[in-house]
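Colleague: Please read through the structure below; I'll follow up with questions.
The values are calculated or read from the model by the stated rules, or taken from the named source; none is laboratory data. All figures in this text were calculated on a predicted structure; none of them were measured in a lab. Counting neighbours? That spans all protein chains shown, and the Cβs are built from the backbone with ideal geometry, glycine included.
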Amino acid sequence: MVRFVSYFKAALAAMLENKDGMNSAFKAMMAGNFAVSVVLSASLNLLWSLLNSLQVIVMLPLLKTNFPSNAYLLSQTLNKVANFNVIPMQKINEMILKYEFTRPKNENFFFYSY
């Protein structure tokens, strides 16, 4: 216990000797942390806005409208990215949940596998 108290006193004395250096280092860390958080919050906000717009655009072919085949193919491809379909959730859902198969509302839902 005595060793711990003497070690604590030595550390406290070293901190008090270097308080000006520690003060400037702390201010620099706070300024750097603030700058990084501002940059990251702006970029994350742009990323979520991009994903939101992508999800809305990808779902447009589900409306009963005519789309050119190239736009429809691009939309089907981007649908996997916009809906985060990286894990095969359909197989997992079939194992866990018992869904009753219903007919799609229109052929667009069928082609999108809804």
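Colleague: Can you confirm whether I92 is of a type in the set (V, I, T), modelled with pLDDT of 75 or more and under 30 Å from Y112 (Cα atoms)?
Modeller: Criteria met by I92.
Colleague: Return the residues of the stretch 42-56 that are within 12 Å of the chain's Cα centre (by Cα) and of a type in the set (G, A, S); say none if nothing qualifies.
Modeller: Within the stretch 42-56, S43, S49 qualify.
Colleague: If you check every pair at least six apart or on different chains, which have Cβ atoms under 6 Å apart with a residue in the stretch 55-83 that is among the β-branched types (V, I, T) first and a residue that is surrounded by 15 or more Cβ atoms within 10 Å (Cβ to Cβ) second?
Modeller: V58/S75; V58/N79; V58/A82
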